[in-house]
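Taking it in order: structure first as structure tokens, then the write-up.
The values are calculated or read from the model by the stated rules, or taken from the named source; none is laboratory data. Everything quoted here is computed from the prediction, not taken from an experiment. We place every Cβ from the backbone using ideal geometry, glycine too, and count neighbours over all the protein chains shown.
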Amino acid sequence: MHKTVELDIDDLKLDPINPRIEEQDSQLETLQSVIDDQGSKLGELTEDIALHGLSPMDRFLVIKDKDGKYIALEGNRRTAALKILQNPEILKDLEIPDALRGKLVKAASKADASKLEPIDSAEVKSRTEAHRWIKLRHTGENSGRGIVNWNAVQSARFSDSKMKPVIDFINMAGGDQPIVGPKFPITSLERLLENPDVRKTLGIEISDGRFQSKVPAAEIAKPLLKMAKDLADKTIKVDDIKTKAQQKNYIEGFAKNELPKTGTTSKPTKFSELTKKLPAKAKSSSTTKSPTLKKKRSKLIPSTFKAPISHPKLSSLASDLTKLSVQSYPIPVAVCLRVFVEGTIDVYMDTFNLLQHNAGGKGPTLSQKIEIVNTDFKTRYPAQKKLANAAKAKLCLPDSVISTTRLHEFVHNTEFFPSVNDLLTAWDSIEKWMAQLWHAIEDSK
């Protein structure tokens with residue numbers, strides 16, 4: 001187990017075999033390699049540490065070396081910055097672009113290195129012990145075990161950008177189901193609202209860096225909801241509204257009832273205030289009765305799911321999934337979901353003779369099967385193209401709650417524990433497509 005240690009800058013050593021660089025023989029060569037690898041990024045980091053200090057959220061991960069000092073297994077860039085801030089003279093022996101050298105020296109002149117000490121660190125006994133933590137820190141979300149980055153909506157909320165009040169307004173105006181979700185292309189909506197021609201048509205202006213509406217809440221909601229739904233449903237895509245001319249043409253294509261009524265202009269109002277003027281999403285029947293939350297279903301497949309599942313085993317499995325409690329048995333439910341999805345895909349492929357083999361005689365992966373079935377299904381049922389594409393996106397996007405990677409982990413990853421919400425969301429995202437695949441199988445008989 002690791003232990004906490006507090007170190008001075010002199011106690012720290014750069015890691016000469018850090019993954020960012022090739023292995024080096026000396027500390028000076030290691031510093032040169034870090035500078036070569038990071039360039040201006042190291043300049044920004046050094047300047048930030050000089051002005052604001054080290055982040056209180058990120059400790060160094062160190063291992064004690066033979067000379068009694070500590071190698072920074074995690075924190076090599078910060079160690080390089082600290083060494084420069086403590087002793088900028090070290091730069092004289094290094095090859096550095098003049099602009100970067102000047103920035104580093106200037107940062108050092110502003111810093112009091114002693115105030116950056118002591119450096120909060122965690123000491124491990126071996127590189128093997130450190131490996132797991134470093135891997136989680138630098139290799140993505142790892143199904144939630146690593147660092148889970150914010151999506152665009154969450155970033156907008158935190159930064160309190162000018163889009164946040166607009167997003168909140170749209171979601172409130174949209175009713176119970178938020179239109180602007182985690183995958184929503186906020187940048188595209190912002191690009192539209194930045195266009196003066198679009199704003200003039202909608203009755204929106206920018207004041208003090210914030211969007212404001214010159215029309216009442218109910219009127220501005222009409223075009224904003226259409227824009228949001230078009231973007232969410234991919235009715236319009238990024239390439240469709242890249243230029244100002246494209247953006248203007250898009251807005252000019254709105255129907256009369258999708259635009260604010262003429263003659264309804266009023267004093268410009270912030271969207272945060274307009275949101276308060278929207279009608280409540282739902283009103284209770286009695287003013288004294290406490291609101292009740294809609295009860296979350298307890299079974300993966302709802303009783304309303306109807307599909308002509310002719311395969312005996314898969315029919316029985318689907319029936320079991322309408323009875324088995326997700327809350328009580330999340331792991332068995334997750335495994336059964338994986339079996340049902342792949343089984344449905346396999347039966348469809350067998351029905352329409354779609355089975356293929358890769359080089360070496362190996363069968364296709366689940367992702368490849370989904371692609372094959374999706375293509376065939378759209379050919380047979382072109383009217384269902386949007387449904388098929390949506391299901392394929394859910395199954396094939398790495399971050400999706402029902403990606404093929406996640407389905408694989410349901411069965412094979414002993415450390416992965418599926419959440420109830422993920423399982424319910426996973427089924428909801430493919431339910432209609434699963435039903436349509438079985439209808440297609442039935443129609444072929």
For this session: Could you list, in sequence order, all residues of segment 168-184 that are at pLDDT below 85 and in contact with a helix residue (DSSP H, G or I) (Cβ under 8 Å, 6 or more places away or on another chain)?
Result: GLY174, PRO178, ILE179, VAL180, GLY181, PRO182, PHE184
Problem set entry | Those residues of segment 44-60 which are part of a loop (DSSP other than H, G, I, E, B) and either touching a helix residue (DSSP H, G or I) at 6+ places or on another chain (Cβ under 9 Å) or buried (at least 17 other Cβ atoms within 10 Å of the Cβ) (or both), in sequence order | GLY53, LEU54, SER55, ASP58, ARG59
For this session: Could you check, for segment 305-321, whether at least one of its residues is within 21 Å of GLU442 (Cα to Cα) and of a type in the set (Lys, Arg)?
Result: yes
For this session: Residues being within 35 Å of the chain's Cα centre (by Cα) and over 14 Å from ASP8 (Cβ atoms): count how many of those fall in segment 45-74.
Result: 19
For this session: Go through segment 200-222 and give me each residue that's in contact with a helix residue (DSSP H, G or I) (Cβ under 8 Å, 6 or more places away or on another chain), part of a loop (DSSP other than H, G, I, E, B) and over 19 Å from ALA173 (Cβ atoms).
Result: none
Problem set entry | Residues (closer than 16 Å to SER272 by Cα and surrounded by fewer than 17 Cβ atoms within 10 Å (Cβ to Cβ)) located in segment 189-209 | GLU205, ILE206, SER207, ASP208, GLY209
